[in-house]
1. Which of the following residues is surrounded by 15 or more Cβ atoms within 10 Å (Cβ to Cβ), part of a helix (DSSP H, G or I) and at pLDDT 90 or above: I645, I626?
2. Considering only residues that are of a type in the set (G, A, S) and open to solvent by less than 80 Å² (accessible area, probe 1.4 Å), look in region 153-179 and name the one that is farthest from R82 (Cα to Cα).
3. Which condition breaks for D494 when tested against (1) in contact with a Gly (Cβ under 9 Å, 6 or more places away or on another chain); (2) closer than 24 Å to V671 by Cα?
4. Taking R439 as the residue in question, decide whether it is open to solvent by less than 30 Å² (accessible area, probe 1.4 Å), touching a Gly at 6+ places or on another chain (Cβ under 7 Å), within 29 Å of K676 (Cα to Cα) and basic (K, R).
5. Just give me the residues in region 784-836 being within 16 Å of M560 (Cα to Cα) and of a type in the set (G, A, S), in sequence order.
6. Hey, among E576, E568, E527, which residue is open to solvent by less than 20 Å² (accessible area, probe 1.4 Å), farther than 30 Å from G437 by Cα, in a helix (DSSP H, G or I) and among the acidic types (D, E)?
7. Quick check on region 385-425: of everything there that is acidic (D, E) and not in a loop (DSSP other than H, G, I, E, B), which residue is surrounded by the fewest Cβ atoms within 10 Å (Cβ to Cβ)?
8. Where in region 779-825 are there helices (runs of 4 or more DSSP H), lying wholly inside it, with at least 3 residues that are open to solvent by 20 Å² or more (accessible area, probe 1.4 Å) and closer than 26 Å to I753 by Cβ?
Amino acid sequence: MLAKRTRIFWAIALTVLALFTLVSLISFHPDQVGNASPPGRNLCGIVGATFAHIALGAWGLAAFLVPLIAAGFSWAFFRGYRGRNAALKLTGAILIVPAMAGIIHLIPEYRLVAALLRHWDQSHLTGLGGTLGHLLSGNPVHIEGRSLGGGILVSHLHRTGAFMLLATVVVAGLVLINMGLRELLRNIYYAVHDRMRKPMRTTTHLDQGLPPRPSTPQPMPVPERPTTSVDEVTKRIAAVGASSSLDANDLVERIRRRRRELGDSDEDMEATAHSSRGTSSDAYSERHATEMESLGSLEAQEAALAAEPLSPLRGAMPRSQLPPISDDEEDGDHRPKPASKSKARKPARKGGYALPDINLLQDAPLRRDSEHDKDIQETSAVIENTFLEFNIKLKVVAATRGPVITQYELELIDPGMRVSKVEGFEKDLSLKLGTEGIRIVAPLPNRKTIGIEVPNNLKEPVVMKDLVEELDPDEHVLPLILGRDVLGRPLVGDLAKMPHLLVAGATGMGKSVCMNAMICSILLFREPDLVKFIMVDPKMVELAGYEDIPHLLTPPITDMTKAHAALEWACKTMDERYFALRLAGVRNIADYNQLGDEEINRRLAAKGKDLADLPGIETRMPYIIILVDEYADLMMVNKEVEKSIVRLTAKSRACGIHIILTTQRPSADVVTGLIKSNLPARISFRVADKSNSRVVLDAGGAENLLGKGDMLYLPPGSSTLRRGQGVWVKDEEIEAVINHAKSQGTPEYDESIFRIGAAAMAGGGGSGDENTSDWIQDREFHDAVWSIYKYNKTGADFLRRKCQIGYNKATSYVEKLEDLGFLGPQKGSKGRELLRPWDDWLDLLKDNGVEIDPEMFDCYTDPYR
């Protein structure tokens with residue numbers, strides 16, 4: 001197979017050759033060769049004159065087929081022809097030229113023929129077929145006493161038989177060339193045929209000379225029935241995603257034949273229209289719409305039925321017929337299954353909040369199935385030949401197309417061949433196919449075939465609108481739209497079942513787009529009273545656009561110290577929720593929310609409690625999603641957050657708290673074993689090397705991905721990786737969804753999150769360290785805090801001198817204040833930044849039950865006096 005650069009070279013070379021030969025033939029005159037005086041001049045020089053003299057002498061007028069054939073091959077190379085069966089096509093071209101010379105020589109010798117013969121100095125011949133045409137179809141002539149024989153075919157088959165034989169040779173040559181001429185002629189025929197019939201269907205009473213009926217009210221004009229033309233059927237085939245091997249012309253004939261059988265011809269439709277003048281126009285329009293719907297259904301069914309027997313390889317099914325992949329689906333046959341109707345999604349209104357309309361999202365671009373499917377056969381042959389070079393006999397039995405990847409299924413011909421021999425040929429296939437991102441799955445899960453995933457030459461974006469239309473939100477508690485798999489099926493996850501998700505990948509590979517798609521999935525399907533977000537955004541700009549949406553518990557957190565406090569608050573909330581679940585006698589948040597107000601109060605009363613004894617707990621608990629955009633940056637600032645993350649991921653599933661972590665540095669010191677063990681669902685985009693891939697997925701492969709949304713998805717409870725293309729959500733779509741959410745209400749921020757979180761950090765609520773509360777009774781520590789606010793100095797050396805304490809104790813005091821969120825991190829030789837005011841420190845003491853006694857804590861006077 002020819003590479004792209006080679007194809008372009010041949011296309012340009014053949015174009016130049018076609019122009020050169022055409023100009024040479026047009027500008028030829030016999031005095032340009034030989035010893036003519038004065039000599040003529042060909043526009044292409046002596047080379048062009050010599051070629052024209054030989055070509056016109058041998059083939060006559062058929063010599064003009066040479067530039068035509070060269071131009072045809074040039075156009076084919078420009079359209080993507082890779083040189084497959086080039087010998088057969090060249091043989092067809094060689095057969096056509098002499099056969100056409102013989103046919104042209106059969107043309108009677110009119111005045112124009114005689115003029116051309118005199119112009120080419122071929123008056124001794126009896127036709128325009130040149131010497132070869134004369135030998136096949138000419139009559140014997142005598143020139144200067146010599147006899148020039150000819151007419152081999154005419155003498156044995158007569159002129160009619162000779163023409164039939166030569167025409168058969170020409171047709172055989174066209175079949176061998178197979179450049180789409182047959183389909184072109186058929187399309188032209190049916191297009192002309194349909195245009196000639198079109199006026200007959202629009203004939204009115206005035207055209208037939210019938211007088212109008214003024215006494216009868218005229219109905220509204222009825223829209224014309226769409227023409228069943230080749231173009232129309234081709235569009236419908238593309239709309240349902242049928243294979244390109246389905247012939248539109250054949251399908252048109254079958255539709256028309258079916259119409260005649262049903263008595264639904266065009267003449268019957270016209271008669272029905274005329275007879276309905278006295279009826280209501282609304283009634284006719286309704287019946288007409290019903291007929292059109294039936295016709296569309298008939299054509300779509302015939303297209304689907306005709307696609308199967310005509311396709312040598314199984315093409316991708318229409319996306320609307322592909323059921324979505326859910327996390328609880330078994331790792332089995334992932335081929336397209338029969339379609340199941342999904343529920344139509346309508347904006348619902350619950351509690352005064354209207355879900356966003358699907359029209360806020362943009363439509364998908366048109367699919368280009370015909371341009372893609374022609375590469376399947378060529379790629380299949382390359383795959384088989386590549387393995388054959390290594391003495392591995394395989395056969396491609398199926399090919400299923402996805403938006404970016406096509407999966408080829410191979411079957412081992414030799415039953416004694418080990419499957420392990422097929423692995424490791426990714427680089428060889430990449431070299432032969434001239435692409436990257438090839439992945440071998442040997443064998444496919446629960447199958448008897450081997451899968452090879454090859455990137456498409458024509459890649460299609462995966463848009464959100466199509467996936468939203470195919471998704472049934474009632475099947476998922478927290479639906480996350482991820483994209484489409486290699487088979488083109490929707491790839492959808494339920495965060496409530498995951499229950500936590502890790503997303504990793506190098507910079508620019510699609511993590512942020514995936515994160516925005518997951519947030520938009522929640523905003524499209526769930527109301528603020530059902531789901532709440534806590535967003536941690538170290539980049540400060542990635543999640544800033546979501547500020548002020550009603551789903552937020554806090555504004556997007558950009559301060560990593562506050563992020564630690566928010567995680568500690570989540571740990572404290574988790575404990576409070578589990579306590580409430582135990583009192584209510586349920587095991588998870590879903591069962592709790594189904595109890596209702598009366599049942600919850602009854603169960604609490606049976607244990608001598610009420611809701612007032614459960615601070616922060618209501619009769620309905622919303623799900624809480626904690627989203628950390630760059631977990632590695634959070635770990636660099638404060639490694640203590642790992643303890644909170646581990647504790648949440650290990651226990652928070654049943655109480656409705658779920659975590660999504662993203663990182664662009666998936667190294668072992670960031671994604672530790674404790675975190676991985678509690679994050680069963682993972683997504684990896686392209687990473688730097690195999691070691692990073694193993695850290696995230698416990699397997700290699702992510703280093704060979706294409707990038708730009710190409711991902712590997714590890715569902716929870718499974719060890720089988722699924723490759724897919726992430727959904728592409730444009731900034732305009734994200735902004736439209738956010739603006740709709742903002743228009744429905746304002747957020748109710750919980751101001752106690754950072755205060756309670758800081759208190760939990762101080763009291764050991766998140767880390768489990770029992771000694772971290774000793775600072776409350778430490779008099780020197782309180783003196784140090786007062787001195788820091790009094791003199792606005794935060795260094796350990798200052799505390800050592802001012803408070804008369806040792807250096808180690810002064811350092812521990814500074815680090816403790818940093819953990820509590822009152823001091824910033826160390827920045828080189830500069831002093832630490834004082835982050836929070838004095839009043840926040842007093843509030844922290846009160847939250848920890850400290851009553852300020854002036855005799856004991858005489859330092860607690862206003863330090864700013």
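1. I645
2. Only one residue fits best here, namely G161.
3. Exception for D494: condition (1).
4. no
5. Those that are within 16 Å of M560 (Cα to Cα) and of a type in the set (G, A, S): G821, G824.
6. None of the others qualify; the one that does is E568.
7. So, considering only residues that are acidic (D, E) and not in a loop (DSSP other than H, G, I, E, B), the one surrounded by the fewest Cβ atoms within 10 Å (Cβ to Cβ) is E389.
8. Fully inside region 779-825 and qualifying: 807-819.
The values are calculated or read from the model by the stated rules, or taken from the named source; none is laboratory data. Everything quoted here is computed from the prediction, not taken from an experiment. Methodologically, a virtual Cβ is constructed for each residue, glycine included, from the backbone with ideal geometry; neighbour enumeration extends over all protein chains shown. Heads up: the accessible areas ignore ligands, DNA and RNA and are worked out on the full protein's heavy atoms, side chains in. Shrake-Rupley method; radii C 1.70, N 1.55, O 1.52, S 1.80 Å.
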